[in-house]
Structure formats: structure tokens, C-alpha cells
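The values are calculated or read from the model by the stated rules, or taken from the named source; none is laboratory data. Fair warning: this is a prediction, and the values are worked out from it, not measured in the lab. A quick note on method: Cβ atoms are made from the backbone with ideal geometry, for glycine too, and the neighbour counts reach across all protein chains shown. These accessible areas exclude ligands, DNA and RNA; they are computed on the full protein's heavy atoms, side chains included. Shrake-Rupley method; radii C 1.70, N 1.55, O 1.52, S 1.80 Å.
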Amino acid sequence: YRQGRKWVDELAPASVWDLYWGVGGFAQHCAGPGRDVIGIETSREAVAGARLSSRQAGLDRVRFQAGYATAFAVGAPGAPDLVIVNPPRRGLGSELCSWLESSSVRHVIYSSCNAESLARDLAAMPSFTARQARLLDMFPQSSHYEVMVLLERA
């Protein structure tokens, strides 16, 4: 979360979407003055927990709602400055990649636990260039890893 927050703070976007956020970690860590953050997750229980912890932390510009990331993005009237994605092992899928590719989003932070789906998704978004990447060994003594990539529209 600290790495994501560092990149977000450096870019200083006014609006952020956190798609596939799980328990709201990226959204809450990337909240800041003058920044609107929306988190989308399928679990209503996770949404309730994230709302409670955001209120307790005084994060009044962070909103969470239950739903599907792709449906939210495709149905939204506009796009944010930056999107954070942390999809399941299967990756983003062609519809969300297509939406990101054709949107006005300038930056994407992609956190992945599967290099194969990450590579497939990046190939589907050729207007984005990897500016920075970081390999995180979050599961020592195993073959599992997390990769974070900061993408910028070329």
C-alpha cells in the first residue's frame, strides 16, 4: 500500500478509482486532501467494513460501493485521473482493458499476483507505458509474489 500511495502522491490526481479493492487498503492509503476516491468491490461485507474504517479515520472524500469493477467503469459518465487495479489471478479481462485503453485515464497502478495475466492485460492496453515497477515478496518461502506497475498513457 505504501508503494501505491507514494506513486499516487507523486502524481497528485484529483480523482482515483480503486477497482477490485478487497478490504479498501489502496483507496484508504491513497486518500488525501483535495482527492476524491471511489472503491468498487463485489463484497457487501467488505464495503460495510471499509465504510466504517474510513469514517473512523476521518476520510470523508473516500466512497465505497458494492458492484462489479468492469460494469462500474463501463457505465460511468466519466473517468478519473488515475485507476488502481488489483484484480484476481485471472486479470482484468478484455472488456475492462478495452475501456481503460479508450478512456481518458492518464495513469493506472496495476497490482498483480499473476505475471501471465498482467502481461496479457498490458498487451491489450498499448497506449499505456510502464514507467516504474516493483516486485514485492509478500509471501516469503513460497513461489508467490506481487508486482506493482505504474502505467502512464504514452
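Evaluating 6.51 cos²θ - 1.76 cosθ + 1.60 at θ = phi - 60° for every residue in the range 90-105, the Karplus couplings come out as 6, x, 6, x, 5, 5, 5, 4, 4, 4, 4, 4, 8, 7, 9, 4 Hz, glycine and proline recorded as x. Once the Cβ-Cβ distance between ALA115 and LEU52 is put in as r, and R0 is 35 Å, what FRET efficiency do you end up with, to the nearest 0.05? Computed FRET efficiency for ALA115 and LEU52: 0.50.
How would GLU152, GLU45 rank on accessible area, largest to smallest, probe 1.4 Å?
Largest accessible area first, the residues go GLU45, GLU152.
Of the labelled figures (i) 109; (ii) 162; (iii) 130, only one reflects volume of the Cα convex hull per residue in Å³ as derived from the coordinates, namely (i). Counted residue by residue at 0.36 nm each, then reduced by the alpha carbon distance between them, the extension gain from SER98 to HIS144 reaches 13.8 nm. Spatial offset of the range 76-154 relative to the range 10-70 amounts to 18 Å, using the alpha carbon center of each. Ordering 7-13, 19-25 by mean Cβ neighbour count within 10 Å, with the highest value first, yields 19-25, 7-13.
A simple packing score, the average count of other Cβ atoms within 10 Å per residue, orders the peptides 90-97, 123-130 as 90-97, 123-130, with the highest score first. Relative contact order, whole percent, for the chain stands at 19, derived from Cα pairs under 8 Å and 6 or more residues apart.
Hey, what number do you get for the chain at 222 nm if only DSSP H runs of n ≥ 4 count, each worth -39500 (n - 2.57), divided across all residues, to the nearest 500? Don't skip to the end; give the middle numbers.
Values: 6 runs with 55 residues, N = 154.
Mean residue ellipticity at 222 nm (helix-derived): -10000 deg cm²/dmol.
Under the simplified labelling scheme, the SER127-ASP60 pair shows an inter-label distance of 3.6 nm, with each label point 7 Å from Cα along Cα→Cβ.
Spin-label model, LEU11 to ARG134: label points 7 Å out along the Cα-to-beta-carbon direction sit 1.4 nm apart. Computed over the chain with a Gaussian network model linking Cα atoms closer than 10 Å, the most mobile of ALA133, ALA57, ALA79 is ALA57.
Roughly speaking, what is the stretch gain from ARG106 to ALA76, that is 0.36 nm per residue apart minus the C-alpha to C-alpha distance, in nm to one decimal?
Using 0.36 nm per residue and subtracting the Cα-Cα distance, I get 9.2 nm.
Neighbours of TRP17, meaning other residues whose beta-carbon lies under 11 angstrom from its beta-carbon, give a summed charge of -2 when Lys and Arg score +1 and Asp and Glu score -1. Here the Karplus curve 6.51 cos²θ - 1.76 cosθ + 1.60, taken at θ = phi - 60°, turns the phi angles of the range 112-121 into couplings of 9, 9, 9, 4, 5, 5, 4, 4, 4, 5 Hz, with x standing for Gly and Pro.
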